[in-house]
1. Please identify every one of the trypsin sites (Lys or Arg not before Pro) in region 36-145 that sits in a loop by DSSP and has no more than 16 other beta carbons within 10 Å of its own beta carbon.
2. Once you list every other residue whose beta carbon is under 13 Å from the beta carbon of Q85, what net charge do they have if Lys and Arg are +1 and Asp and Glu are -1?
3. Between A21 and K78, what is the FRET efficiency for a Förster distance of 25 Å, r being their Cβ-Cβ separation, to the nearest 0.05?
4. Rounded if a/c is under 1.5, else prolate if a/b beats b/c, else oblate: with a ≥ b ≥ c from the C-alpha gyration tensor eigenvalues square-rooted, which is region 3-162?
5. Using label points projected 7 Å from each Cα along Cα→Cβ, tell me how many nm separate R66 and C97, to one decimal.
6. Between D12 and D39, what is the spin-label point distance in nm, taking each point 7 Å from the Cα along the Cα→C-beta axis?
7. Within 10 Å, Cβ to Cβ, of A135, how many net charges do the neighbouring residues add up to if Lys/Arg are +1 and Asp/Glu are -1?
8. Give, rounded to the nearest 20 debye, the magnitude of the charge dipole that region 3-162 has about its Cα centre when Lys and Arg contribute +1 at Cβ and Asp and Glu contribute -1 at Cβ.
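Every number here is computed from the coordinates shown, using simple stated rules; none is lab data. Everything quoted here is computed from the prediction, not taken from an experiment. In this analysis, Cβ positions are derived from the backbone assuming ideal geometry, glycine residues included, and neighbour counts consider all displayed protein chains.
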Amino acid sequence: MPLLEDGRLVADDWVAVADDAPLPDAPAILSLARLRAEDLAGRNAPLGLALDPATQPEAIADLLPRLSLITVTLPKSKDGRAFTQARALREHLGFRCEIRATGHVLPDQYRMLRRCGVGTVQLPDGADVSVWTQAADIVDIAYQPALDAGAPLGLRRRRLERV
């Protein structure tokens, strides 16, 4: 599937690995159960976690130093847990590596995902990148502060800066 970063397609070097599949000698995205069950201390290739929508980010705090990528999943477009997870990973847990949104992501969610700390979005096959970048430019204000650099100030921050 195509991967969108900063409005452009980028290569995806990561491999999602099933719990019963052998680990490749490449960047691998694993489930939480597999990360907890296996001794991966001697592994040189980067590790990623496919974070289940029901898992609280605080439950994986001990794993964060070992991870280079965390995927947050939107099982359906009206499920906002991925937004909350991404924001908690960045703000409360200080995770600085890549956060990737996967699943049922819509173009009009792209800007808000970036504001919450998501760096890359896995697009559906055949997606038109121009639709995604146009959707990100439609609404240029927000009500809450952002985590992405260069984002327009939220309405509250604008009011506070005027005082």
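1. Values: sites: R36, R43, R66, K76, K78, R81, R87, R90, R96, R100, R111, R114, R115; in loops: R43, K76, K78, R96.
Qualifying residues, ordered by number: R43, K76, K78, R96.
2. Working: positive: R81, R87, R90, R100; negative: D52, E58, D79, E91.
Residues close to Q85 contribute a combined charge of 0.
3. Working: r = 32 Å, r/R0 = 1.27.
Once rounded, the FRET efficiency stands at 0.20.
4. Details: a/c = 2.21, a/b = 1.56, b/c = 1.41.
Prolate.
5. Output for this residue pair reads 1.0 nm.
6. About 3.3 nm separates the two model spin labels.
7. Numbers: positive: R111; negative: D108, D137.
Cβ neighbours under 10 Å give a net charge of -1.
8. On the way: 20 positive and 22 negative charges, 191 e Å.
About 920 debye.
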